[in-house]
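Notes follow once the structure below has been shown.
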Amino acid sequence: MKSKHDLTITDIRVIVSSPGRNFVTLKIVTKCGLYGVGDATVNGREQAVAAYLKEHVTPCLIGRNAHEIEDIWQYLYKGVYWRKGPINMAAIAAVDVALWDIKGKAADLPVYELLGGKSRKAIATYAHATGSTIDDTLDKAEALFAQGFTAVRLQTAVPGLKASYGVLGDKKDYFEQQSSRPLPPEEPWSTRKYMNSIEDLFRQARSRFGTEVQLLHDVHSRLTPIEAARLGKMLEPYDLLFLEDAVAAENQDSYRIIRDHTTTPLAIGEIYNTIWDCKELIQNQWIDYIRTATTHAGGITALRRIADFAALFHVRIAPHGAPDLSPICYAAQAHLGIWAPNFGIQEFVGFGSDKSNEVFSYDLTLTEGMIHVGDSPGLGVDFNEEAAAQYPYNRSYLPVSRLEDGTLWSW
Ligand SMILES: [Mg+2]
């Protein structure tokens, strides 16, 4: 196709910055001056994906036509021989998202228009309420409902354990928690203590908030399939929107066991990298929501394919929305979410901090718990390299989890 813009790729920059936490950002520049941005953040392994992009991807793309999104995707997936994997797929994702951003700018259209246009006015989100006690969690949930959120994920400290997933006291995240000693924090785990306490959280939540609001819960892959089946049955009376990551992700067949025992809806996928990781889960209808993120599963091109495949089997998309996903990822998922006919819900923990807002700008607004997508051409995001230079990389890790006897467990 003859484009009125010369979209020959002339420069690719990889920037690792830490405006409040680490992000890996890719900027692809074309001959006519149009550029696009992508997110390649792999939490705790940021420099690996940055090196992969600089050393192995950039040289292959200089001189290519930025319009050729599909061919470049296939080139970076099939062409490297070593398919899949989190580092490879985050690199592909960043390139893919940046190219969609460029194509939108060249067409003078928002990316959702290129995907097929809006299927809805705005995107539903769910927020997080995490507390050190049930009352603390429910007070936080009440504040979120008062802000207009209608869906909230509830997590609370497990009584008898010194630390619990997501419960950070006065620290805002794991990144801040280890800023003085960058080694993986360690958390204890006891399935028995958890199973003995979790029902109370949802019983009290339903008695306090009634049946109109949507409630969710993340198990963070701590259970075996039969334990997860029991948990799903236990929580059925409390009508969860979904139970997330009940069992570790590798063995898709585990979800058949859970499904055989409970009608609690199931969600998984935030650490998946490709459609192949969730193929059996989707085609067997063992799950209800697929949670892969654009940044970790090959970008807009890949997530669009997962969404279309999932639609055939009544599975909806509910992309991961943790703080380690940059506003570029949020924007890519917002454009996908406003288009996808089988969009379900977006996890939402805020668009960023004061520091990250100096570095990233975005055309997204949150009103009454819904994300509205602006009509800027491309993804409507930008990245300020000068502002980012004030925040150099800061080594940080995700935590690890151990049973009370010291055995390493799934975090
Ligand atoms: Mg999760």
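The values are calculated or read from the model by the stated rules, or taken from the named source; none is laboratory data. Please read all numbers here as calculations on a predicted model, not as lab measurements. All Cβ positions, glycine included, derive from the backbone under ideal geometry; neighbour counts span all protein chains shown.
Residues are listed down the side, and each one gets a yes or a no for (1) under 30 Å from V400 (Cα atoms); (2) more than 23 Å from the chain's Cα centre (by Cα); (3) among the β-branched types (V, I, T):
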| site | (1), (2), (3) |
| --- | --- |
| T10 | no, yes, yes |
| G20 | yes, no, no |
| K27 | no, no, no |
| K31 | no, yes, no |
| T58 | no, yes, yes |
| G63 | no, yes, no |
| E70 | no, no, no |
Is there a residue in the range 53-75 that is more than 30 Å from D354 (Cβ to Cβ), in a strand (DSSP E or B) and not small (G, A, S)? yes
Any residue in the range 261-276 that is touching a residue at least 24 places away in the same chain (Cβ under 8 Å) and polar (S, T, N, Q) sitting within a Cβ distance under 9 Å of a residue that is assigned to a helix (DSSP H, G or I) and within 16 Å of the ligand (Cβ to nearest atom)? List the pairs, counting only those 6 or more apart or interchain. T262/A228; T262/L231; T264/L231; N273/P86
It is to be established whether one or more residues within the range 18-38 are exposed (fewer than 14 other Cβ atoms within 10 Å of the Cβ), at negative phi and in a loop (DSSP other than H, G, I, E, B). no
For the range 322-411, please list each of the helices (runs of 4 or more DSSP H) lying entirely inside it that holds at least 1 residues being within 20 Å of A302 (Cβ to Cβ). 327-339
Subset of the range 364-381, residues surrounded by 19 or more Cβ atoms within 10 Å (Cβ to Cβ) and of a type in the set (D, E), comes to none
Tell me the strands (runs of 3 or more DSSP E) entirely within the range 105-207 that contain at least 1 residues that are acidic (D, E). 186-189
Whether any residue in the range 217-226 is in a loop (DSSP other than H, G, I, E, B), closer than 29 Å to V42 by Cβ, free of Cβ contacts under 8 Å to residues at least 40 places away in the same chain and within 16 Å of the ligand (Cβ to nearest atom) is what I want to check. yes
Can you tell me how many residues within the range 381-411 are aliphatic (A, V, I, L, M) and free of Cβ contacts under 8 Å to residues at least 24 places away in the same chain? 1
Just need a number here: residues in the range 227-250 that are modelled with pLDDT of 95 or more and within 15 Å of the ligand (Cβ to nearest atom). 9
Within the range 45-83, which residues are surrounded by fewer than 18 Cβ atoms within 10 Å (Cβ to Cβ), in contact (Cβ under 8 Å) with a residue 60 or more places away in the chain and either touching an Asp or Glu at 6+ places or on another chain (Cβ under 8 Å) or under 16 Å from I15 (Cα atoms) (or both)? Q47
Could we say that Y165 is crowded, with 19+ Cβ neighbours inside 10 Å and either without any contact (Cβ under 8 Å) to a residue 24 or more places away in the chain or in contact with a strand residue (DSSP E or B) (Cβ under 6 Å, 6 or more places away or on another chain) (or both) here? no
